[in-house]
């Protein structure tokens, strides 16, 4: 039985000197047990326990790396820690506030484009690599097939996209497809036009619409999403990356709209992904720290046994998230670490890497039986 803080606060040198030899031996055994356990907890790190690497101090990480490199025969590869020079921020043109007299007083102009002001378009011109024509098929009035020869182009737009690499053609290249939409006159006299598809999102994104009339294609949108949410770059940094590495000039507003429209387009798929996660027979779950500005959160990952779905959630580190996703009656097997929120699921498998760390921690402990058990477990 361990000594509590209340017991330790009552012990003093005088009381120890007044104890008999037998009482002093029994007390010494308890103190030795407490000391060993305290030392073992003090020596725990991310390599021999379930502690996350983020909980270690920088000097503790360096010491552990030196210790591992001395024990292992393989040479550790050092990461390049050269500081990246930050590029200067993109300069924004100064906006002059125009004032116009009204009723004898001067008021500041309204925000936005002013009546009669000259419009702005894309300054960068990219060579067109492909053409696509869109024709109306049936008359909207009499529902009869239209004659494609009686056509007239009424609008067009360009879509910039990325052709992804493959084994035969490595690398990425930009494409620019010109979409032309036509109108056709029916024999009944009605003019039918082919319009780009548009749809309004539902749920929490009602103010965001999805349209085929887009400057950014799906491949380029995927790259922007990866740079923003996977690489955690700001809109301005994404703009700088596209300009420096792909020679593509996009405004911050276009990048932001691409992210919002892509999220709205992928919203209906979320329910299907969550359903596959819940119905998976073997589910891998883990969580790691995640900073949102000054807010400390956790990034949760759920990966199915078939490796077809990997879902991420950003939330607090509590049982609320996993209960909302898996519920109380999850019947599959749960592969996880020793975090207590997973322990209420009966079909649970411990992560192999965490078991190895536990065995390593026992091997480095101060109890002889535990050392022997940890060494044998590592060999096994």
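Nothing in this text is a laboratory measurement; each read-out follows from the coordinates by a stated rule. Being a predicted model, the structure only gives us computed values, none of them experimental. Counting neighbours? That spans all protein chains shown, and the Cβs are built from the backbone with ideal geometry, glycine included.
Numbers at a glance
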{"read-out": "Candidates 190, 354, 260: whichever shows maximal mean-square fluctuation once the chain is modelled as a Gaussian network with Cα springs under 10 Å", "value": "190"}
{"read-out": "With 5 Å bins from 0: P(r) over segment 289-380, alpha-carbon pairs, percent", "value": "3, 11, 16, 18, 16, 13, 12, 9, 3, 0"}
{"read-out": "Cβ crowding within 10 Å averaged over residues, with 234-243, 313-322 ranked highest first", "value": "234-243, 313-322"}
{"read-out": "Correct choice for Cα extents along the principal axes in Å that was computed from the model, options (1) 114, 60, 48; (2) 88, 63, 44; (3) 75, 51, 51", "value": "(1)"}
{"read-out": "Cβ crowding within 10 Å averaged over residues, with 247-253, 290-296 ranked highest first", "value": "247-253, 290-296"}
{"read-out": "Calculated P(r) of segment 170-321 - Cα pairs past 26 Å, %", "value": "47 percent"}
{"read-out": "Cα convex hull volume per residue for segment 116-164 (Å³)", "value": "178 Å³"}
{"read-out": "Globularity index of segment 124-196, i.e. its alpha-carbon radius of gyration over 2.2 N^0.38 Å", "value": "1.52"}
{"read-out": "Between 0 and 90°, nearest 10: helix 252-278 axis offset from the chain longest Cα axis", "value": "60 degrees"}
{"read-out": "Using alpha-carbon coordinates, inclination of helix 352-363 to the longest axis of the chain, degrees", "value": "20 degrees"}
{"read-out": "Mean-position separation - Cα centroids, segment 118-164 and segment 233-248, in angstrom", "value": "28 Å"}
{"read-out": "Beta bridges by DSSP in segment 124-196, antiparallel share as percent, to the nearest 5", "value": "75 percent"}
{"read-out": "With Cα atoms, 0 to 90° folded angle of helix 21-42 axis to the chain main axis", "value": "20 degrees"}
{"read-out": "Sequence ranges 4-10, 346-352, ranked by mean other-Cβ count within 10 angstrom, highest first", "value": "346-352, 4-10"}
